[in-house]
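Asks: Please read through the structure below; I'll follow up with questions.
The values are calculated or read from the model by the stated rules, or taken from the named source; none is laboratory data. Because the structure is a prediction, the values reported are computed rather than measured. Cβ sites come from the backbone with ideal geometry, for glycine too, and all protein chains shown count toward neighbours.
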Amino acid sequence: MLAMMLAAALVAQEPVQAPAPIWRSRPFPEFPAKALVDGVEAADVRLDCLLTTEGRFSDCRIETDSRPDYEFAKEALKATSGARAVPLQEDGVAVPGRVSVEIRFRLG
């Protein structure tokens, strides 16, 4: 009985994965100059953002940055501010909500 209660508590505490946005206009970030000079060819950044009812991104937070020694996250944040997505909906009505934005930087 105790084992079942512990298992239920663990399941209840698992974080809910934020949905990925459906893009109207994707973010197109700049590749950081220092990364180019240093020969970095790839990086990944994941942001957690509020998607407004107008399809704009705000209150973005860096969740992961595979190359924090460069400015990939800064460029991802800047690019996301100009991107647009389809707002989340509940019962056919646009609602604000958090989404997960993944940006992959690749050369070539």
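Asks: Say whether the condition of being of a type in the set (Asp, Glu), within 19 Å of TRP23 (Cα to Cα) and more than 15 Å from the chain's Cα centre (by Cα) is met by at least one residue in the range 93-105. Don't jump to the end; show me each part of the working.
Replies: Applying the first criterion (of a type in the set (Asp, Glu)) to the range 93-105 yields 102.
Next, from what is left, pick out any that are within 19 Å of TRP23 (Cα to Cα): 102.
Filter again for more than 15 Å from the chain's Cα centre (by Cα), leaving none.
Taking every residue of the range 93-105 in turn, none turns out to be of a type in the set (Asp, Glu), within 19 Å of TRP23 (Cα to Cα) and more than 15 Å from the chain's Cα centre (by Cα).
Asks: Residues that are surrounded by fewer than 18 Cβ atoms within 10 Å (Cβ to Cβ) and in contact (Cβ under 8 Å) with a residue 40 or more places away in the chain: which strands (runs of 3 or more DSSP E) entirely in the range 39-108 hold 2 or more of them?
Replies: 42-51, 93-95, 97-106
Asks: Of the residues that sit in the range 1-56 and are aromatic (Phe, Trp, Tyr) and more than 18 Å from GLY97 (Cβ to Cβ), which one is modelled with the lowest pLDDT? Give the steps one after another, and end with the answer.
Replies: Going residue by residue through the range 1-56, those that are aromatic (Phe, Trp, Tyr) are 23, 28, 31.
Imposing the further condition that a residue be more than 18 Å from GLY97 (Cβ to Cβ) reduces the set to 28, 31.
Values: PHE28: 94, PHE31: 97.
Ranking the candidates gives PHE28 first.
Asks: If I ask for residues that are among the hydrophobic types (A, V, I, L, M, F, W, C) and under 30 Å from GLN89 (Cβ atoms), which ones from the range 28-75 would you list?
Replies: So in the range 28-75, the residues among the hydrophobic types (A, V, I, L, M, F, W, C) come out as 28, 31, 33, 35-37, 40, 42-43, 45, 47, 49-51, 57, 60, 62, 72-73.
Correct list: PHE28, VAL45, LEU47, CYS49, LEU50, LEU51, PHE57, CYS60, ILE62, ALA73.
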